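See structure below.
Bear in mind that the values in this text are calculations on the coordinates, not laboratory data. What you see is a predicted model; the values in this text were computed from it and never measured. No Cβ is skipped: glycine too gets one built from the backbone with ideal geometry, and neighbour counts run over all protein chains shown.
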Amino acid sequence: MKHLLVLMALAGAAQAATAADLLSVYQDAQQSDAKFASARLQLEAGRERAPQARAGILPNIGFNASTSYTRTDVSLPVDRELGYNTNSYGVQLSQPVFNLPAFIAAKQGEIAVSLAEVQFSGAQLDLLQRTAQAYFDVLYAEDVVSYVQAYKSAAGEQLQLARKSFEVGTVTITDVNEAQSRFDLAAAQEIAALNDVNVKRQALRLVTGSEAGALAHLRPGVNLAPPLPADMEQWVQAAERANLDVQAQTLAVDNAQRELERARAGHLPTLNAVAGYSNSHTTGGGSGPSLSKGWSVGLNFAVPIYQGGGVQSRARETAVLADKARSDLDLARRTAAQAARQSFLGVTSGIAQIKGYEAALISSQSALDANKLGYQVGVRINIDVLNAQTQLADTQQKLARARYDAILAQLKLKAAVGALSVADFEEINALLLK
């Protein structure tokens, strides 16, 4: 605990030049985050779906070889034994000429690759948001510690004043008890705030894989820009079109429709071009050694007539799944639209709250100064000063929370329309103390 206090004290102006900023923390997260590493590997695996599906419409070449020994006992016209070896090998080639299910499956492989890439883009956006959330959670927790410690120090000074005033008989023991209560409460809040810093730093470490050290804080009085465009419905329309979950579900609908086509094509005939070469060598036997070889070229035409009703059942199943995919797409669009609305309102209302809390902070500081002066001249009592100190600390915390929430809402708004990128982190990084 003491070590953390020393670390936070040194994380001010003396270490501002070496403090880690949002971009450097994100770079660490890219290298160390286990969830993102899993998504990257999933992308590599997903890219193999295209060549696997395409293999169904490419030539299929096979080689086979065999060797055998045969022994025959002959009793007529003369008892004798015959033994001979047979060695053979062959090469076969098959090329689909008409196989609609295989051609549809090849297209589905391309869709699967596109879906894997969209899902990886979603993982990138998720990493950006998780990194920002963890980073600003640490900043807020550290801000709370500084505000609580300032409040504790002020409460301690007020406690000393109350004790001295009680000794000379100008206040009652009630004033001392009230000051002691506020000081003890501040001490308890400090312990909780320090513990919260530890918890939030561990959450950040989960993303970055290592201890981040001192972090760059927001510049005092930083101003946040409102969303552009300022029309919420434009953001909603963009989210319904470009949100990554919507893009993924659109691909899922396309894949489901092609799966339905492939199922319905299960009763269609197939036509394959086939070619082969064979070589067989027999040694021994009654007629002596023999050698045969040859090649063949032809077409293989097959018509599935009845497969136990499986084709029809599969078609009905995929038709229902295609309808489900379209319903999921509609849900994805609605969810994206709702996320865009909430994030847009989060930014706009957050900026308005920041302005309100900034005004309240000035008023709270003025009220505290006035109450301190009134306490010195005897027109205010101890509890008035303590209440003013509490109000100031509470306003400071709410202002800090409003700033961080507004920044995170900006990122969520960009993510809702699939436009969140490192460039947005660079803009936020410019708001930090370097």
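Using a simple charge model, +1 on the beta-carbon of Lys and Arg, -1 on the beta-carbon of Asp and Glu, nothing else, what dipole does the chain show about its Cα centre, in debye to the nearest 20? The partial results should precede the final answer.
Numbers: 39 positive and 41 negative charges, 151 e Å.
Approximately 720 debye in magnitude.
Amide H to amide H, which residues 5 or more places from L420 or on other chains are under 5 Å from it, using H placed in the peptide plane?
Here A415 satisfy the definition.
To test your reading of the geometry: what angle, between 0 and 90 degrees and rounded to tens, separates the Cα axis of helix 173-208 from the longest principal axis of the chain?
20 degrees
For the chain, find the longest principal axis of its Cα atoms and tell me its angle to the long axis of helix 232-242, 0 to 90°, nearest 10.
With rounding to tens, the tilt is 30 degrees.
Kindly rank 268-274, 116-122 from highest to lowest mean number of other beta carbons found within 10 Å of each residue. Don't skip to the answer; put the middle values down first.
Working: 268-274: 14.6, 116-122: 18.6.
Per-residue Cβ counts within 10 Å, averaged per peptide and sorted highest first, yield 116-122, 268-274.
Consider the candidate values (1) 11; (2) 47; (3) 15; state which one is percent of Cα pairs over 43 Å apart computed from the structure displayed.
Evaluating percent of Cα pairs over 43 Å apart on these atoms matches (2).
As I understand it, the dipole of the chain uses +1 on the Cβ of Lys and Arg and -1 on the Cβ of Asp and Glu, about the Cα centre. Which of L58, G418, Y84 lies farthest toward its positive end?
Projecting each Cα onto the dipole axis, the largest value belongs to Y84.
Mind checking which of L329, L271, G308 is farthest towards the positive end of the stretch 270-340's charge dipole, using Cβ charges of +1 (Lys, Arg) and -1 (Asp, Glu) about the Cα centre?
The listed residue farthest towards the positive side: L329.
Sum -39500 (n - 2.57) across every DSSP H segment of at least 4 residues in the chain, then divide by the residue count to get the 222 nm mean residue ellipticity, nearest 500. Intermediate results must be reported in sequence, preceding the final value.
Numbers: 11 runs with 286 residues, N = 434.
Mean residue ellipticity at 222 nm (helix-derived): -23500 deg cm²/dmol.
Describe numerically, in nm with one decimal, the distance between label points set 7 Å from Cα along Cα→Cβ at D394 and at R40.
4.8 nm
From the backbone phi of the stretch 31-43, what are the Karplus-calculated ³J(HN,Hα) couplings (6.51 cos²θ - 1.76 cosθ + 1.60, θ = phi - 60°) in whole Hz, Gly and Pro given as x?
Using θ = phi - 60°, the values come out as 8, 10, 5, 5, 5, 5, 4, 4, 5, 5, 5, 4, 5 Hz.
Mind checking the angle between helix 244-264 and the chain's longest principal axis? C-alpha axes, 0 to 90 degrees, to the nearest 10.
Roughly 20 degrees between the two axes.
Given the options Q389, T348, Q376, identify the residue whose Cα lies farthest towards the positive end of the charge dipole of the stretch 338-434 (+1 on Cβ of Lys, Arg; -1 on Cβ of Asp, Glu).
Of the options given, the answer is T348.
Rounded, prolate or oblate: which fits the stretch 388-434 when a ≥ b ≥ c are the square roots of the eigenvalues of the alpha-carbon gyration tensor, with rounded for a/c under 1.5 and prolate only if a/b beats b/c?
Cα axes put the stretch 388-434 in the oblate bin.
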